[in-house]
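K.L.:
The structure that follows is given in the form of structure tokens.
The values are calculated or read from the model by the stated rules, or taken from the named source; none is laboratory data. Keep in mind that what you see is a predicted model, and the values were worked out from it rather than measured. In this analysis, Cβ positions are derived from the backbone assuming ideal geometry, glycine residues included, and neighbour counts consider all displayed protein chains.
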Amino acid sequence: MIDIILKVLSAGFYALIDYLGAHVLTCLIPAFFIAGAMSALLPKEKITKYLGRNVPKYKAYPLSVVAGLLLAVCSCTILPLFAGIKKKGAGIGPAIAFLYTAPATNILAIVLTGSVLGWEFAVSRIILSVTFAILIGIIISRMFKDEDTEDKKLVSSLVREEERKLDGIGKPFNRKIIDGFIHYHLFIFFATLLAILIIGASKIGTEIKTMTLVSLILLLLVQLKISFKKDEIKSWLKETWMFFKTIFPLLLVGIFVAGVLTSLIPEKFLANYVGSNTVFANLAAVLFGVFMYFPTLVEVPMAKMFLGLGMAKGPLLAYLLADPVISLPSILVVRKIMGTKRTLVYALLITIFCTLSGLIYGFFVG
């Protein structure tokens, strides 16, 4: 009995060591800073104001997807935002696209998926999630057009950003460059964070990587000094820490549990049921994701465990697409916001699309 316990615990600790020793950690830390910056610095009202009923579909749907990608990282965060933009007059279609995108496709989920399962899975997850978000939004808005006739005004006029003045810069030929830098400060700031993430995750030589990262971090510090107020920096660091302390411990627990389950589940158990690319296997993977919902990002180490135990790649992708988006707790909340009929259709469409995507993906990758 003691030998079995030791074996199980050692499997969990081994999984943790393997995770911490890989480049996943170097990927996730910059990703946490990017998520924190998105939450603290991006003006939510400016993004969500274009999701109203009177906005053309070719604008509303892409913007709703972008808003979902930028404004949240998990279903628990997206639900109140979904309720908020719905009350502010967002059309049901763009609102649903917004609701779907954030948990399924955000910077942390994609980085972790690519690092743990490979970038083929990550890219497929992005493309399919965005496609599903738009299709489901369009289908529901068409099916329930008569029920979505309330006229609500879009977000009222927005307060313009105050111009930040720079002291101590007297040379006219520098002024134009500095003004341009400030005008695009958020774009440059996020581009720098993204560059740090990409370089940190790359496999280039250690010396070149170190020099490049040091240069990018120095550039980031200069941007913070010139273009951001102390309150903004504090808010960014606070949001980053919030994401880290909320998500990272859950990730560690999830990885440990995945390691333990790997040693307990019979080797051919998953291979027998979801080891082939069939309708049953893909549907079973989707329903497992719905009923056995894991905290944000924990679905990725669980997916790695499933893959190691024999789950086919099609059902694995189907599970990854379903688990973060739809669960029993989220269904109950969404039902209060958009009613029973639309919620049932929403859940059914997700189940169908995720099952089909697994079948199609499994057909091509084998």
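K.L.:
Restricting to segment 299-330, name every residue that is of a type in the set (S, T, Y) and modelled with pLDDT of 90 or more.
P.N.:
Y319 - this is the single residue of segment 299-330 that is of a type in the set (S, T, Y) and modelled with pLDDT of 90 or more.
K.L.:
Being under 23 Å from the mean Cα position of the chain (by Cα), of a type in the set (G, A, S) and crowded, with 23+ Cβ neighbours inside 10 Å is the filter here, so list the residues in segment 308-329 that pass it.
P.N.:
Hits for segment 308-329 are G314, A318, A322.
K.L.:
Determine, yes or no, whether I255 is assigned by TED's automatic domain parsing to the domain that holds L20, crowded, with 24+ Cβ neighbours inside 10 Å and closer than 27 Å to F243 by Cα. Walk me through how you get there before you give the answer.
P.N.:
Values: assigned by TED's automatic domain parsing to the domain that holds L20: yes; crowded, with 24+ Cβ neighbours inside 10 Å: yes; closer than 27 Å to F243 by Cα: yes.
Answer is yes for this residue.
K.L.:
With a cut-off of at least 1 residues that are at pLDDT below 80 and not hydrophobic (A, V, I, L, M, F, W, C), name the helices (runs of 4 or more DSSP H) lying wholly within segment 83-178.
P.N.:
Once the helices (runs of 4 or more DSSP H) in segment 83-178 are filtered for at least 1 residues that are at pLDDT below 80 and not hydrophobic (A, V, I, L, M, F, W, C), what remains is 92-104.
K.L.:
Continuing with this model, one more query. So which helices (runs of 4 or more DSSP H) stay within segment 273-353 end to end and still have 3 or more residues that are assigned by TED's automatic domain parsing to the domain that holds L112, more than 20 Å from A133 (Cα to Cα) and in contact (Cβ under 8 Å) with a residue 12 or more places away in the chain?
P.N.:
It comes to 279-291, 299-308.
K.L.:
As an exercise: evaluate L237 against (1) more than 22 Å from L297 (Cα to Cα); (2) of a type outside the set (G, A, S); (3) surrounded by fewer than 16 Cβ atoms within 10 Å (Cβ to Cβ); (4) modelled with pLDDT of 85 or more and give the number of the one condition it does not meet.
P.N.:
Only one criterion is unmet by L237, namely (1).
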